[in-house]
4 protein chains.
Amino acid sequence: MTETVDFPEFDPPNRPHRPDTNWLTKDEMRQARSRLPIVYVDAVPVRVDDVGDVIQVGLLLRVTEGGQINRALVSGRVLFHERIRDALMRHIEKDLGPMALPTIPASPQPFTVAEYFPTPGVTPYFDHRQHAVSLAYVVPVRGDCAPQQDAIELSWLTPEESMHPDVLSEMAGGQDVLLRQALAHVGRLA
Amino acid sequence: MTETVDFPEFDPPNRPHRPDTNWLTKDEMRQARSRLPIVYVDAVPVRVDDVGDVIQVGLLLRVTEGGQINRALVSGRVLFHERIRDALMRHIEKDLGPMALPTIPASPQPFTVAEYFPTPGVTPYFDHRQHAVSLAYVVPVRGDCAPQQDAIELSWLTPEESMHPDVLSEMAGGQDVLLRQALAHVGRLA
Amino acid sequence: MTETVDFPEFDPPNRPHRPDTNWLTKDEMRQARSRLPIVYVDAVPVRVDDVGDVIQVGLLLRVTEGGQINRALVSGRVLFHERIRDALMRHIEKDLGPMALPTIPASPQPFTVAEYFPTPGVTPYFDHRQHAVSLAYVVPVRGDCAPQQDAIELSWLTPEESMHPDVLSEMAGGQDVLLRQALAHVGRLA
Amino acid sequence: MTETVDFPEFDPPNRPHRPDTNWLTKDEMRQARSRLPIVYVDAVPVRVDDVGDVIQVGLLLRVTEGGQINRALVSGRVLFHERIRDALMRHIEKDLGPMALPTIPASPQPFTVAEYFPTPGVTPYFDHRQHAVSLAYVVPVRGDCAPQQDAIELSWLTPEESMHPDVLSEMAGGQDVLLRQALAHVGRLA
């Protein structure tokens, strides 16, 4: 899960009918997270060739609070009154920059649903902060990507490189499993 | 959306690690619903023949608060620390009774995601109470179904009958669209 | 089904290991069609907005041998030793021209499989010439489309317009059903 | 790919409109296989718990012509004028016996399409005999399975056991990849 702040101070444009009073304070959000599953999206950014075959996977490189290197997918919360596809676009632009030119899928059908539990072992996915139900999509990007905020690098790896144990071991919360599921879905597991 | 109560008084068995304090009061739930998208599941109960072809669709018949006849799919909230497949089973048993013998899908990939908005027109789905993000599944049932709680009848219709304008017009919140999407998915739209 | 010729006289480049002797004569193909299911692809060309939402559907306008107006999806046979994604690209370029800039899906998972039978009524799909098993995909196109060969026009319709009974009635072989399945899949059935 | 004979001597019941003359001789089939992609189905037989979670995978154990141990999925050709779901049922009964009680999926949407090429390396799948386009499904079975014909055993393995390198190495033609794709699809890759 990306750790970037999910709560903008200002009401973003183009998101109608959501009075400011609907924003949650940090305390309220923490409380909600302990009592309700939270809607998330996970995006696996990929480069494709001209017939759509995945040739590279984009992984964000971050340094965690504990000082460890961490590779991550694009991931984040869906806001109140925000469509899935708008949330996907917002989080991809947040993490990859405004020039990434992502191709958000035409269909809302995700390739899987990752259920991040605050208790390890219930599912392959884990998030100590919350129970997140995350709709996962493969998202081709055509433009220039520039890591934003707390990410220090965006590395493009071939499907084979991305499945190297060393790379997978740098992913947290079960995102290594989610990445392999994405590659299975696009026929690039081998 | 089914209007049945989502908050059991007792902690159900087999749902570990969820202290009682995690339950939301009715007020807290109302507040959460105005600030966060809520995770839902929608299930389209079907009868299939011996090679899996859908031959009937099950629709719940209810009388709304306003006294109108309403046909509905099985629908309900996913609880904190509850897996999607457990929520599907719970809501199907809640609405169709304990002898329905549903075949919960092996894969978490839904056929679509229905985004119920509190504002009409943003998506085809509408729920005045909340913004619900609902994972939708077709669920074959093999056993005896008995409508529970506030449903007065469960009617089994052929795909053709279920798509009659009179039937579709008795469905609320865009569930008529969701039903047709389900039938499209199983190849029984025509 | 598009009626364009499936058998190029010359061996196209980039299709290795297929000696000329593998080409079927017209007679051999007719015989195969009466004895084996034939692998097809169906593509529903769409225009999407910047968050991937389908805003238009492209339908080919043709005059049939019988002189009737016919609207069709992009459709055609998969050749020996040709990948699905290469067949999709070839048929889209064949029907929409070389500047269509289609986004071939990253995943081989089709939204449905249309089983065209030579006998009406077995499935919603019919093809008097053959039993075709067609993998169906929604394909966003970003470039300029110019109808090729026997198509006299490519018309872009909104999802709502494309589902008008007058439009659907101009589609043959069950492609009206397939179109509605595609729109159901992308959440634009309503 | 299973190596069992695809050409019954007698016309099976319930398969209408297919005159005997449509059967291919062995020579004609060999010729077709060198010139046309052949429609196949692959089925991954699984045992599921009462909420649909996959707990075991069924693999056929065979001795190849060369005397090697080989593990295989259920796999076979779709016949002329045969629906996908009928082909799935026929091949599962052929390999697992008539009491397997498979739950053929309600939707024709496969979890992937495996393109077996006669040339190694084009895709992860390989079949020296032919170019097969195989629609792949996960099929829960509830009954008693008895290996038929040339299979000497049906072994039920947990998802974890089935992904052991020793097991995967006993699968041919890329079916190890297909198995892992199936497990990814049902959320049991880890």
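Charged side chains reduced to their Cβ positions (Lys and Arg at +1, Asp and Glu at -1) give chain D a dipole of some 520 debye around its Cα centre. Helical runs (DSSP H, four residues minimum) scored at -39500 (n - 2.57) apiece and divided by the length of chain C put the mean residue ellipticity at 222 nm at -5500 deg cm²/dmol.
Among DSSP beta bridges lying fully in the protein assembly as shown, give the percent that are antiparallel, nearest 5. Given both bridge residues lie in the protein assembly as shown, the antiparallel proportion sits at roughly 65 percent.
In the assembly of identical copies, residue B:142 has its label point, taken 7 Å from Cα in the direction of the beta carbon, separated from the corresponding points by 0.1, 4.8, 4.8 nm (ascending, one decimal).
Interface residues of region A:102-116, defined as those with an accessible-area decrease of at least 20 Å² between the chain by itself and the complete set of protein chains (probe 1.4 Å), are A:103, A:104, A:106, A:107, A:108, A:109, A:110, A:111, A:112, A:113, A:115. For region B:125-182, applying the loop criterion from DSSP together with a ceiling of 15 other beta carbons within 10 Å to the chymotrypsin sites (Phe, Trp or Tyr not before Pro) yields no site.
When chain D is treated as a Gaussian network with alpha carbon springs shorter than 10 Å, the biggest mean-square fluctuation among D:29, D:89, D:171 belongs to D:29. Among residues of chain C, the one whose beta-carbon sits closest to the C-to-B rotation axis is listed with its distance in Å as C:184, 2.
Looking at chain C only, what percent of DSSP beta bridges run antiparallel? Nearest 5 please. Of those bridges, close to 65 percent are antiparallel. For residue C:170, nonlocal amide neighbours, meaning residues 5 or more places apart or on other chains whose placed amide H falls under 5 Å from its own, do not occur.
Taking the label point 7 Å along Cα→Cβ, residue C:65 and its counterparts in the other copies are spaced 4.1, 6.3, 7.2 nm apart, in ascending order. Averaged over the residues of peptide C:123-136, the number of Cβ atoms from other protein chains lying within 10 Å of each residue's Cβ is 3. Using the alpha carbons alone, the radius of gyration of the protein assembly as shown stands to its Kirkwood radius in an Rg to Rh ratio of 0.95. Please check: in the Gaussian network model of chain B (C-alpha springs, under 10 Å), which one of B:138, B:122, B:177 has the largest mean-square fluctuation. Greatest mean-square fluctuation among the candidates belongs to B:122. Using a 1.4 Å probe over protein heavy atoms, the accessible area lost on pairing D with C, summed over both chains, comes to approximately 3200 Å².
Converting phi to 3J(HN,Hα) with the Karplus coefficients 6.51, -1.76 and 1.60 and the offset θ = phi - 60°, region C:145-154 yields 9, 10, x, 10, 6, 8, 7, 9, 6, 10 Hz in sequence order, with x at every glycine or proline.
In this structure the amide hydrogen of residue C:131, modeled in the peptide plane, comes within under 5 Å of the amide hydrogens of C:38, none closer than 5 places in sequence on its chain. The residues of the protein assembly as shown have, on average, 39 Å² of accessible surface per residue, using a 1.4 Å probe with all protein chains present. The residues packed around residue A:168, meaning those with a beta-carbon under 13 Å from its beta-carbon, carry a net charge of -3 if Lys and Arg are +1 and Asp and Glu are -1. Here r is the Cβ-Cβ distance between residue A:55 and residue B:34 and R0 is 41 Å; the resulting FRET efficiency, rounded to 0.05, is 0.40. Taking every alpha-carbon pair under 8 Å whose residues sit at least 6 apart, chain D reaches a relative contact order of 27 percent. Relative to the other identical copies, residue A:129 shows label-point distances of 2.9, 5.4, 5.7 nm, where the label point lies 7 Å from Cα along the Cβ direction and values run shortest first. Over all other residues within a Cβ to Cβ distance under 9 Å of residue B:190, the charged ones net out to 0, with Lys and Arg as +1 and Asp and Glu as -1. Compared with its chain on its own, region C:67-90 contains the following residues whose accessible area drops by 30 Å² or more in the full protein assembly (probe 1.4 Å; ligands, DNA and RNA excluded): C:80, C:81, C:83, C:84, C:85, C:89. Taking the 1.4 Å solvent-accessible surface of the protein assembly as shown as the whole, the part contributed by carbon and sulfur is 53%. Once the C-beta distance of residue A:129 and residue B:101 is scaled by a Förster radius of 25 Å, the resulting FRET efficiency is 0.10 to the nearest 0.05.
Across region C:184-190, computed HN-Hα scalar couplings (Karplus, 6.51 cos²θ - 1.76 cosθ + 1.60, θ = phi - 60°) run 4, 5, 8, x, 10, 6, 6 Hz from first to last residue, x flagging Gly and Pro.
Counting every C-alpha pair in region A:20-185, the share spaced more than 27 angstrom apart comes to 21%.
The values are calculated or read from the model by the stated rules, or taken from the named source; none is laboratory data. No experiment lies behind these values; they were computed from the predicted model shown. Neighbour counts run over all protein chains shown; Cβ positions are idealised from the backbone, glycine included. Please note that ligands, DNA and RNA were not included when accessible areas were found on the heavy atoms of the full protein model with its side chains. Shrake-Rupley method; radii C 1.70, N 1.55, O 1.52, S 1.80 Å.
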